[in-house]
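Structure first, commentary second.
The values are calculated or read from the model by the stated rules, or taken from the named source; none is laboratory data. Quick caveat: nothing in here was measured; it's all calculated off a predicted structure. Glycine also receives a Cβ, built like all others from the backbone with ideal geometry; neighbour counts cover every protein chain displayed.
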Amino acid sequence: MRRASRMRRGRPRRPKPVAEPTAADDGLEVDQFSIQRVADGRLEASGVLGYVTAGRALPAGLALIPKGATCTIDLSRVTEADSAGLAVLVEWLATAKSRDTVIHYQGIPAQILAVARISDLESLLTDGH
């Protein structure tokens, strides 16, 4: 007698992965960063400046850095930051220098200052050299 249902030959089917809940599911916007010009020579950054947002933050800031001027970037509304955020700030300084622009950072987050301090980059951020 034959069975009504045959077993499938080959590899067993893998269960579909179940998505892990994230902070975004709770309505938190943890990967949001923005930078905008608020006045001539003045930019304001806000949100998370870190690993998740660095890839978007870098070109966004570069697009706003003027040529041959002085620019203040206010970071006081940055809510979270890490070493990737520090790398973005250093790259903005390097690009500004190549454009004959001087950048002054204001309200640098404590997390970035801590990483800058142990990386011997604190004076670069606070003094520009």
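In table form, for the structure just shown:
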read-out	value
Any hit, region 98-109, residues being over 19 Å from residue 37 (Cα atoms), modelled with pLDDT of 95 or more and either out of contact with any Lys or Arg (no Cβ under 6 Å at 6 or more places or on another chain) or not aliphatic (A, V, I, L, M) (or both)	yes
From 58, 93, 62, 49, residue being within 20 Å of residue 36 (Cα to Cα), out of contact with any Lys or Arg (no Cβ under 6 Å at 6 or more places or on another chain) and touching a residue at least 40 places away in the same chain (Cβ under 8 Å)	49
